[in-house]
Amino acid sequence: MSKRQYGNDLGFSTRAIHVGNDVDDETGSIRRPITMANSYQLPYDPTELNWSSAGGMLYTRNGGCNQHYLQQKLASLEGGEDCVVLASGVAALSGLFFSLLKSGDHVIFSSVTYIAVYRLLNELFNNKFNVATTIVDTSDINAVRAAIRPETKLIHIETPGNPTLTVSDIRAIAEIAHSNNVLLSVDNTLASPFNQRPLELGADFCIESLTKYINGHGDAMGGAIIGATKLLEPVRLQAQVNLGGTISPFNAWLIMRGVVTLPFRMKQHNESAMRIAEFLENQHWVRFVAYPGLQHHRQHGIAVAQMSPGFGGVLSFGLNADHDAHNRFIANLKIVTSAVSLGHDESLIVFIGENDERQYLYPKEFHNGFFRFSVGLEDTDDIIGDLQQAINSI
């Protein structure tokens, strides 16, 4: 699609800006335009076309040009051969699982994952399609190894895990998976490709919710699966064409615009989150802080080994206070916004209460209610000041 070719010998920031972009032939614009068409001109004799083919310029459900440009950029940033971009992070996750798994297969997945993974694998695929699933603390390598069965097809991990920030050793799990002829998928959303590239550590698939850090502006949804072309072709055909999980051209264009500043945004997210985590762990009103960059984090050593240059912009913490005090704390914040999602330019916080259905899977310190805090791009001192005034007010 692009006349310009950029190798992976170029730096991350250079590729974030240039890969997938080119001069528009018709207008001379140095930015790819939004092509909102849902259909493309057919060749002279269209009778030989496969109307369900994937990837060509036929119908936007089969593949659109803005989607193609974004796929080129993401494959480069993740160190992968190919990429499939879909309508949301959940479309990417469900599309991967639907394309890979069949009745009788077995899947191992992390005990701490995005809620949709828990729903998909623990309930839907298990109950509807007779896919056996085992929930494992994937930070425990021996537990992963012990869960392997002859019918195991896939290990799916999320690292760092949402919302407890549990870290799993990608390289070690990849070795276990491949020695048993099992595929490994890694949800890399909380880290982003700036901090962690699972494919380079041995994973077969890397999944990103583009809605979060890669877009970075809180105004578009998308999801991506990155890996080898031969593994992604079934995903492209089934999840995109036959299930219709296609990203809109406008969202693809917005995310293409957002990813250009990813490396610069992530540097700020990393630095601010580290400072805020260090501030919180020294406050008497804080019950616990979970952040992979802190030395007391259970998997800090693994995080140092596989995450660089930073540990992301998400942390979790709880107060030495009752349920209502947690809500009053949020109500008194003036800069930080109470909202779901993460990776936005603005700081977002959500209170997860004691009745969370997956609490039994979380470390003990999370059992009395806690906050998931996505640190934004505001001045770090202003964020810290907001946290301090909110606790003072209650």
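The values are calculated or read from the model by the stated rules, or taken from the named source; none is laboratory data. Model, not experiment: these values are computed from the prediction. Note that we place each Cβ from the backbone using ideal geometry, even for glycine, and neighbour counts take in every protein chain shown.
Among the numbered conditions (1) assigned to a helix (DSSP H, G or I); (2) of a type in the set (S, T, Y); (3) in contact with a Phe, Trp or Tyr (Cβ under 7 Å, 6 or more places away or on another chain), the only one that S94 does not meet is (3).
Scanning the range 77-84 finds no residues that are free of Cβ contacts under 8 Å to residues at least 60 places away in the same chain and more than 16 Å from T211 (Cβ to Cβ). Looking across N327, N368, one residue alone is assigned to a loop (DSSP other than H, G, I, E, B), over 24 Å from S88 (Cα atoms) and either of a type in the set (F, W, Y) or over 22 Å from the mean Cα position of the chain (by Cα) (or both). It is N368. Is the range 244-261 home to any residue that is in the same structural domain as L70 (by TED's automatic domain parsing) and touching a strand residue (DSSP E or B) at 6+ places or on another chain (Cβ under 6 Å)? The answer is yes, given that some residue of the range 244-261 is in the same structural domain as L70 (by TED's automatic domain parsing) and touching a strand residue (DSSP E or B) at 6+ places or on another chain (Cβ under 6 Å). Checked against (1) over 30 Å from G11 (Cα atoms); (2) surrounded by fewer than 23 Cβ atoms within 10 Å (Cβ to Cβ), R171 passes all but condition (1). Take the residues of the range 138-167 that are part of a loop (DSSP other than H, G, I, E, B) and without any contact (Cβ under 8 Å) to a residue 40 or more places away in the chain: which is farthest from G369 (Cα to Cα)? Only one residue fits best here, namely P150. Could you tell me whether any residue of the range 209-224 is more than 19 Å from A116 (Cα to Cα) and either part of a strand (DSSP E or B) or of a type in the set (S, T, Y) (or both)? Looking through the range 209-224, none of the residues is more than 19 Å from A116 (Cα to Cα) and either part of a strand (DSSP E or B) or of a type in the set (S, T, Y) (or both).
Count, please, the residues in the range 168-195 that happen to be within 14 Å of the chain's Cα centre (by Cα) and either more than 15 Å from I207 (Cβ to Cβ) or outside any loop (DSSP other than H, G, I, E, B) (or both). Full working, then the answer.
From the range 168-195, those within 14 Å of the chain's Cα centre (by Cα) are 185-195; that's our starting set.
Pick out the ones that are also either more than 15 Å from I207 (Cβ to Cβ) or outside any loop (DSSP other than H, G, I, E, B) (or both) and you get 185-187, 192-195.
Looking only at that region, the number is 7.
Against the conditions (1) surrounded by fewer than 22 Cβ atoms within 10 Å (Cβ to Cβ); (2) over 24 Å from L165 (Cβ atoms); (3) basic (K, R), R119 satisfies every one except (2). Taken over the range 245-261, the criterion of being of a type in the set (A, V, I, L, M, F, W, C), outside any helix (DSSP H, G or I) and over 15 Å from K73 (Cα atoms) is satisfied by I247 alone.
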